[in-house]
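Note sheet for the following structure.
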Amino acid sequence: MRSLTALLAGLLSLSISPAALATELTPGDAAPAITAKTQSGEDFDLASRKGKWTVLFFYPKAGTPGCTKQACAFRDSVKKIRDQGADVYGISSDDVEDQAKFHAEHKLTFTLLADPDGTAVRAYGAKMPILNLSKRWTFIIDPELKIRQVDRDVDPALDAQKVADSLALLRKG
């Protein structure tokens, strides 16, 4: 009986992190403030995007087939997205060096963000359980830094076109 009591006391004393209690981000929520390094080692601060539309697409690992397909689709559609007044940022738990190689190898024309400690990935609720990898989620953030759209069911090949179409609709009304 004594060990059961000790076990229960131990379980009751566990602390639950605020991140574990966080609710899922939905349209209308404030975009979590994040900072990260770009693939070229420069500082990125989401707060500097105030007044501009921003697309953040989270992906698991630079250089893997699905992530390459998604990044190349954004590269090929970035003009359509920029024509809607938005900039694209790809983010994963890769370090700056891996992001730089991925960026150069696929001639990407948008910024990649390195989040090796997973701070940004966790802030957006996109961390895979156990693994230090991001889920494949895409967020559209408006000029007031409010989330306007969240896609948690991303098709890597179609994500960029879906984002361009969504931006056109969101900007209309």
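Could you tell me whether Ile130 is outside any helix (DSSP H, G or I), crowded, with 20+ Cβ neighbours inside 10 Å and either out of contact with any Gly (no Cβ under 8 Å at 6 or more places or on another chain) or at pLDDT below 95 (or both)?
Answer is no for this residue.
Within region 97-119, is even one residue polar (S, T, N, Q) and either in a loop (DSSP other than H, G, I, E, B) or surrounded by 19 or more Cβ atoms within 10 Å (Cβ to Cβ) (or both)?
yes
Please specify each residue of region 116-136 satisfying the condition of being over 11 Å from Pro60 (Cα atoms) and under 10 Å from the mean Cα position of the chain (by Cα).
Ala120, Arg122, Ala123, Tyr124, Gly125
Looking only at region 66-80, decide whether some residue is modelled with pLDDT of 95 or more, within 28 Å of Gln99 (Cβ to Cβ), of a type in the set (Val, Ile, Thr) and not in a loop (DSSP other than H, G, I, E, B).
The answer is yes; a qualifying residue exists.
Considering only residues that are modelled with pLDDT of 90 or more, surrounded by 10 or more Cβ atoms within 10 Å (Cβ to Cβ) and assigned to a loop (DSSP other than H, G, I, E, B), which ones fall in region 13-37?
Leu25, Pro27, Asp29, Ala31, Pro32, Ala33, Ile34
Confirm whether Val163 is part of a helix (DSSP H, G or I) and surrounded by 14 or more Cβ atoms within 10 Å (Cβ to Cβ).
In short, yes.
Only one of Thr68, Thr64, Thr54, Thr109 is farther than 19 Å from Arg136 by Cα and of a type in the set (Val, Ile, Thr); which?
Thr109
Are there any pairs, at least 6 apart or on different chains, whose C-beta atoms fall under 6 Å, with the first in region 51-66 and free of Cβ contacts under 8 Å to residues at least 60 places away in the same chain and the second in a loop (DSSP other than H, G, I, E, B), and if so, which?
Ala62/Asp94
The values are calculated or read from the model by the stated rules, or taken from the named source; none is laboratory data. Computed from a prediction, not measured in an experiment: that's the story for all the values here. Backbone-built Cβ (ideal geometry, glycine too); neighbour counts: all protein chains shown.
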